[in-house]
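The values are calculated or read from the model by the stated rules, or taken from the named source; none is laboratory data. From a predicted model like this one, the values you see are computed outputs, not experimental measurements. Every residue, glycine as well, gets a Cβ built from its backbone with ideal geometry; the counts of neighbours run over all protein chains shown. Just the protein is used for accessible areas: all its heavy atoms, side chains included, with ligands, DNA and RNA removed. Shrake-Rupley method; radii C 1.70, N 1.55, O 1.52, S 1.80 Å.
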Amino acid sequence: MIARGVNRMPVLVALAATLAACGVPAGEEDAGEAAASQETVDLDVVAALRDEGFNRSRVMEFAHVLTDLYGPRYANSPSYDGAAAWARDTLADFGLHATLDAWGEFGYAWENRHTSVHITAPQYQPVIGYAQPGTRSTDGKVAGPVAAVDLGGVETRDDLEALGARVETSILLISSERELVPNFSPQAVRLSDEELSGMARLEIDPRNNPGQSMDDDEAAPELTRHDIETFLERQGVAVLVEIGSTNVGPMDKGIVHVSGDGPLPLDEPVPMPRVVVAPEHYNRMMRLLAAGTPVEMEIEVRNVLSDDDPLDYNVIADLPGGDLAHEVVMIGGHLDAEPAGTGATDNASGSAIVMEAMRLLQAAGLEPRRTIRAALWGAEESGLLGSRAYVREHFGDPEATEKPAAHANLSVYFNVDWYGRFRGMYLQGNDASRPIFEAWMEPFHDVGMSWIVPGNTGGTDHMAFLEAGLQGYQFIQDDLEFFNATFHTNMDVYDRLIADDLRQASVILASFAYHAAMRDELFPRADGLSNGRRWHK
């Protein structure tokens with residue numbers, strides 16, 4: 001057991017070079033040095049965490065179970081429920097108090113059981129295709145001629161009625177053809193020192209406000225998805241076929257991007273059958289149709305939609321604190337995933353890192369002053385639903401003026417979403433946290449953790465905390481193959497994970513959680529939502 005307080009030595013970072021790299025004006029160096037000199041790091045604890053985490057890690061074991069056994073873990077699906085129960089039991093086996101915490105109603109539990117997509121004429125070709133989450137099954141095999149209409153241009157009822165006989169077919173292609181271009185960039189990318197340095201030197205630009213939202217006065221569309229699908233089904237359409245969005249980066253070459261539209265309310269109609277296919281196969285059919293050559297397909301999809309338990313769950317696990325046990329440090333990542341792959345890089349990796357960090361803290365026998373709480377969030381991909389509901393229930397309504405005592409007692413939240421090596425920290429507009437992170441990162445410079453970026457990153461569960469006036473962070477991580485291969489695609493699988501990166505991240509996360517739990521003061525807070533700085537992810 002590592003006794004609390006052993007070798008809690010101040011760590012003085014090389015401030016002149018580091019602060020310069022982070023874009024801090026020279027006049028602020030003295031203040032930064034004074035603040036950093038007050039931050040302490042327990043080097044014995046760091047050594048114990050590194051020894052356990054680098055030499056006896058279980059993080060890849062956890063990732064294997066979450067992906068190969070329980071993947072893909074679409075929100076509220078049977079595979080998600082299985083993964084959540086396994087994670088709870090595993091965290092409890094570490095000696096933690098672990099529970100499944102219902103955050104609210106997601107609706108139907110959806111799971112795909114069978115998908116078969118083929119071109120049958122003019123020549124046979126198997127097609128790479130996946131069922132879109134939340135959609136119904138086909139009525140057995142659907143076979144016949146194919147027609148094409150770009151539904152992106154259908155905005156009014158007049159547009160819909162004008163389709164007429166063009167959609168009198170059982171199988172309808174509904175996307176436009178996509179131009180595919182060669183990718184001359186490396187497939188896997190790590191952030192270079194030059195790129196990180198450029199990110200660190202970003203200056204405030206009041207014209208680039210990350211707090212801005214869409215225009216509230218924007219008119220709602222005249223047609224809903226249900227309106228369009230009802231019309232198409234009356235015309236005899238039985239199944240829709242589309243190209244998955246590239247979202248960002250060159251995600252073609254047989255890679256299929258699939259995203260769901262959850263939640264799936266029980267009182268709303270279930271969307272008609274829809275499959276998402278590889279753009280190369282889709283483009284072939286579009287070219288044939290444009291040349292006047294008939295195309296035929298055969299498609300069968302079997303999806304199960306259950307209303308037995310419409311609730312979705314977060315996994316929560318506590319390592320109890322000591323003299324400041326009523327104060328909480330949280331770490332977390334989302335457990336749900338999109339269903340084309342097995343949800344490895346987004347986000348079994350982050351969930352496995354969080355679980356391993358908690359294991360490391362227990363294995364080292366640490367006794368934190370504050371409670372350290374791990375959370376594996378549900379339905380992040382549907383709009384941060386699990387984390388936002390948890391924050392609202394436990395820390396108060398973000399819109400409310402008065403907050404419960406728990407709001408003041410949440411010190412800090414650290415989030416992990418994706419799979420690259422930790423490279424540093426986004427400050428989220430909180431300059432007071434700079435010297436703290438400088439000190440905590442110093443023992444990990446040798447494994448690449450050394451950068452501070454004054455800007456923000458968004459799009460994941462730390463935003464639920466920032467929205468409520470709490471302090472939340474997401475780490476700077478290497479992109480690897482995320483934005484050109486795995487992001488919500490059929491290539492988001494265990495084989496993309498890099499064990500050394502997950503081990504490194506687990507050790508650093510454990511160290512950050514421990515040192516946050518041991519500080520004399522709560523973590524400083526700042527408005528990390530609307531400080532006019534750029535967003536990264």
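Going by what's in this entry, would S137 be described as of a type in the set (S, T, Y), more than 16 Å from L311 (Cβ to Cβ) and in contact with a helix residue (DSSP H, G or I) (Cβ under 9 Å, 6 or more places away or on another chain)?
no
Of all residues in the range 237-262, how many are small (G, A, S) and modelled with pLDDT under 75?
Final tally of qualifying residues: 1.
Which of (1) of a type outside the set (D, E, K, R); (2) under 16 Å from the mean Cα position of the chain (by Cα); (3) surrounded by fewer than 21 Cβ atoms within 10 Å (Cβ to Cβ) is the odd one out, the single condition F465 does not satisfy?
Here F465 clears every test but (3).
Between a first residue in the range 261-272 that is in contact (Cβ under 8 Å) with a residue 24 or more places away in the chain and surrounded by 13 or more Cβ atoms within 10 Å (Cβ to Cβ) and a second residue that is among the basic types (K, R) and assigned to a loop (DSSP other than H, G, I, E, B), which pairs have beta carbons less than 7 Å apart while being 6 or more apart in sequence or on different chains?
If the second residue must be among the basic types (K, R) and assigned to a loop (DSSP other than H, G, I, E, B), the pairs left are V270/R136; P271/R136; M272/R136.
Go through the range 133-160 and count every residue that is over 30 Å from M251 (Cβ atoms) and without any contact (Cβ under 8 Å) to a residue 40 or more places away in the chain.
Within the range 133-160, residues that are over 30 Å from M251 (Cβ atoms) and without any contact (Cβ under 8 Å) to a residue 40 or more places away in the chain number 1.
Inside the range 28-106, counting only helices (runs of 4 or more DSSP H) that do not spill past its ends, which hold 1 or more residues that are modelled with pLDDT of 95 or more?
Hits in the range 28-106: 43-55, 59-64, 78-93.
Under 8 Å between Cβ atoms, at least 6 apart or on separate chains: pull out the pairs that start in the range 171-189 with a residue that is in contact (Cβ under 8 Å) with a residue 24 or more places away in the chain and end on any residue that is of a type in the set (S, T, N, Q) and in a loop (DSSP other than H, G, I, E, B).
Correct list of pairs: R178/T246.
Among (1) touching a Lys or Arg at 6+ places or on another chain (Cβ under 8 Å); (2) assigned to a helix (DSSP H, G or I); (3) open to solvent by less than 50 Å² (accessible area, probe 1.4 Å), where does M285 come up short?
The failed condition is (1).
State the number of residues belonging to the range 288-306 that are under 15 Å from A147 (Cβ atoms) and not acidic (D, E).
10
R113 - would you say it is closer than 19 Å to T489 by Cα and open to solvent by 40 Å² or more (accessible area, probe 1.4 Å)?
yes
Name every residue in the range 393-419 that is under 20 Å from the mean Cα position of the chain (by Cα) and not hydrophobic (A, V, I, L, M, F, W, C), in order of residue number.
Y413, N415, D417, Y419 - these are the residues of the range 393-419 that are under 20 Å from the mean Cα position of the chain (by Cα) and not hydrophobic (A, V, I, L, M, F, W, C).
Would you tally the residues in the range 149-199 being more than 25 Å from A485 (Cβ to Cβ) and either in a helix (DSSP H, G or I) or open to solvent by 40 Å² or more (accessible area, probe 1.4 Å) (or both)?
19
Of D492, D479, which residue is at pLDDT 95 or above and more than 22 Å from V41 (Cα to Cα)?
Step by step, each of D492, D479 is checked, and only D492 is at pLDDT 95 or above and more than 22 Å from V41 (Cα to Cα).
For the range 257-304, which residues satisfy the criterion of being within 16 Å of I174 (Cα to Cα) and of a type in the set (V, I, T)?
V258, V275, V276, V277, V295, I299
Out of D323, D308, report the one residue that is surrounded by fewer than 24 Cβ atoms within 10 Å (Cβ to Cβ) and in contact (Cβ under 8 Å) with a residue 60 or more places away in the chain.
None of the others qualify; the one that does is D308.
When you check P294 against the structure, is it over 25 Å from the mean Cα position of the chain (by Cα), touching a residue at least 60 places away in the same chain (Cβ under 8 Å), surrounded by fewer than 23 Cβ atoms within 10 Å (Cβ to Cβ) and in a loop (DSSP other than H, G, I, E, B), yes or no?
Yes, satisfied.
Going by the structure shown, is V65 out of contact with any strand residue (DSSP E or B) (no Cβ under 9 Å at 6 or more places or on another chain), crowded, with 16+ Cβ neighbours inside 10 Å and over 28 Å from V295 (Cβ atoms)?
Yes: the conditions hold for V65.
Kindly indicate whether G104 is touching a helix residue (DSSP H, G or I) at 6+ places or on another chain (Cβ under 9 Å), touching a residue at least 24 places away in the same chain (Cβ under 8 Å) and open to solvent by 50 Å² or more (accessible area, probe 1.4 Å).
In short, no.
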